[in-house]
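Engineer: Structure provided below as structure tokens; questions to follow.
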Amino acid sequence: MSNERSGFSSRLGFVLATAGSAVGLGNLWRFPYLAAKYGGGSFLLIYLILTVTFGFALMITEVSIGRGAGTSALHAFGHFHKKFKFLGYLCSLIPFIIFPYYCVIGGWITKYLLTSLQGNTHAAASDTFFTGFIGKTSEPMICLLFFMLLTTIIVALGVKEGVERVSTFMMPALIILLIGISVFCITRPGAMAGVAYYLKPDIKHLSPTTFLAALGQLFFSMSLAMGIMVTYGSYLPKKADLEKSVTQVEIFDTGVAFLAGLLIVPTVFVFSNGDASMLAKGPSLMFVMLPKVFDSMAFGSIIAAVFFILVFFAALTSAISILETLVAGLTEGLHIKRTTACIIMFVLAALLAIPSSFGFGIWSHITIIGFSFLDFFDFLSNSILMPVAAFLICIFVAYVVKPDVVINEVESSGKFKRKSLFLVMIKYLAPICIIAILIFSIMEGMGMITV
Ligand code: PFF
């Protein structure tokens, strides 16, 4: 069966497409704001250590399972152990919940991209632009459907012709744009104080909360426990060095997060005259603060357009990976054509996305356990289902099928240099950390603690 499947044409294709999945709003929006909040350098250091230990162990596990099974996430776990078939279903349910609301945010980015391409940065900088836009009925819906349709068309084109080709163009472009505007922004007068603020470790932030915040961020940022890495792993050529590929994806993802912080934190810092509370604005940082900053800068409208192009690319390649996982599962599960699966997914996702979009306007009075639609889907997937799936994956590999499944797959195409680290992580540390994240994120979601 694995012979008939289409896959990436090369290891580079895998690395760029997987990095395309990993690099998204998590890197460009959430990471800078968390780093600024949790003591700059201390957060960076903890995040880095977690990336090469915890992140590495989970990512190599998922990619190996996918390549070993030669199927998408839906059937991969059942391939190794019949009783764990349900884990494939669970991993495929998560992207099904995420995809619709991710497209809602993709739609907002589309709007900002169009506005900045028209040179309207000044309009986007007004206080009411963001809330005014998301509260409307038809415009956000059109933007989200456009973003969803574009994603669907790319996925319908296939793994090589669609997913890989788009990532091979967009990821290097993203890096070049990001480096370009970072250099421009940090050479603005006064920006160095912001760079120091971003990079200087602040020991008082070395706490369990910082650790858990970094861990939760890592999870989301590396697209772990959503079946994505399993599905993409199944497209990785058998001969390709697995450990090297995973390491390169990690470097890509962390490098982009670091650069995004270097771009955003000093820029907002200068604009707000060193007022750190401005950096802790959460979602509004990207959609409300940054347009104001761009509006006040020399060449601001060009910088704004470039910035939103790169955010758009990042969001699109992430959305592609979510839909690809769903479509791969559907084609294998129901034995239907890729195009048919794409149409089915588009219709279902559009129906599910509409409440999330309307939840900021005409349906804002409807809440689910106190959350708006979008926040509810986000809480359900990120705070509950993802830690549960990741925990089960660790238990499955460490104690049911045994770590040799991963080790043999990695060693079939190269050396497994961090094997002992992998073993300690998967058997002991990762399951414990995941339970800690689960408790932490439920408490955070319920408003018992704030991140
Ligand atoms: N990893 C992406 C990021 O850091 O923004 C986000 C993401 C990708 C979330 C894919 C969900 C997903 F299924």
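FYI, it's all coordinate maths here, none of it is from the lab. Everything quoted here is computed from the prediction, not taken from an experiment. A quick note on method: Cβ atoms are made from the backbone with ideal geometry, for glycine too, and the neighbour counts reach across all protein chains shown.
Engineer: Sort Phe129, Phe54 so that the residue with the fewest other Cβ atoms within 10 Å of its own Cβ comes first and the one with the most comes last. The partial results should precede the final answer.
Structural biologist: Values: Phe129 20, Phe54 24.
Going from sparsest to densest Cβ surroundings: Phe129, Phe54.
Engineer: Placing +1 at every Lys and Arg Cβ and -1 at every Asp and Glu Cβ, with all other atoms neutral, what dipole size does the chain have around its Cα centre, in debye to the nearest 20? Please list the in-between numbers first.
Structural biologist: Working: 28 positive and 21 negative charges, 153 e Å.
Taking the Cα centre of the chain as origin, the dipole is about 740 debye.
Engineer: Next question. Note the angle between two axes, namely the Cα long axis of helix 138-156 and the longest principal axis of the Cα atoms of the chain, as a number of degrees from 0 to 90, rounded to the nearest 10.
Structural biologist: 40
Engineer: So for the chain, averaging the separation of alpha carbon pairs under 8 Å that are six or more residues apart and normalising by length, what relative contact order in percent results?
Structural biologist: 34
Engineer: Counting alpha carbon pairs within less than 8 Å and at least 6 residues apart, what relative contact order, in whole percent, applies to segment 23-168? Walk me through the numbers before you get to the answer.
Structural biologist: Details: 84 pairs, mean separation 18.8, N = 146.
Here the relative contact order equals 13 percent.
Engineer: Here is a further query. Can you give the Rg and Dmax of the chain based on its C-alpha atoms, in angstrom?
Structural biologist: Radius of gyration, then largest Cα-Cα span, for the chain: 20.9, 62 Å.
Engineer: Where does each of Leu423, Leu351, Leu310 land when they are ranked from fewest to most other beta-carbon atoms within 10 angstrom?
Structural biologist: Leu351, Leu423, Leu310
Engineer: Next question, about the same structure. Which of the listed residues, Phe86, Ile437, Leu290, is farthest toward the dipole's positive end in the chain, when Lys, Arg count +1 and Asp, Glu count -1 at the beta-carbon?
Structural biologist: Going by the charge dipole, the pick is Phe86.
Engineer: Continuing with the same structure: Under 20 Å between alpha carbons, and skipping anything fewer than 8 positions from Lys160 in its own chain: which aspartates and glutamates qualify?
Structural biologist: Glu4, Asp241, Glu324, Glu332
Engineer: I would also like to ask the following. If you wrap a convex hull around the alpha carbons of segment 361-451, what volume per residue comes out, as a whole number of Å³? Working shown, then result.
Structural biologist: Values: hull volume 12.6 nm³, N = 91.
Convex hull volume per residue, Cα atoms: 139 Å³.
Engineer: Kindly express, to the nearest 10 degrees and within the range 0 to 90, the angle between helix 208-221's C-alpha long axis and the longest C-alpha principal axis of the chain.
Structural biologist: The angle comes out at about 70 degrees.
Engineer: Return the whole-Å distance between the Cα centroid of segment 32-55 and the Cα centroid of segment 376-451.
Structural biologist: 18
Engineer: Counting other beta carbons within 10 Å of each Cβ, put Asp253, Asp378, Asp241, Asp275 in order, fewest first.
Structural biologist: Working: Asp253 26, Asp378 20, Asp241 15, Asp275 10.
The fewest-first ordering by Cβ neighbours comes to Asp275, Asp241, Asp378, Asp253.
Engineer: Cross-link partners among lysines for Lys204, C-alpha distance below 23 Å, same-chain residues fewer than 8 apart left out?
Structural biologist: Lys37, Lys281
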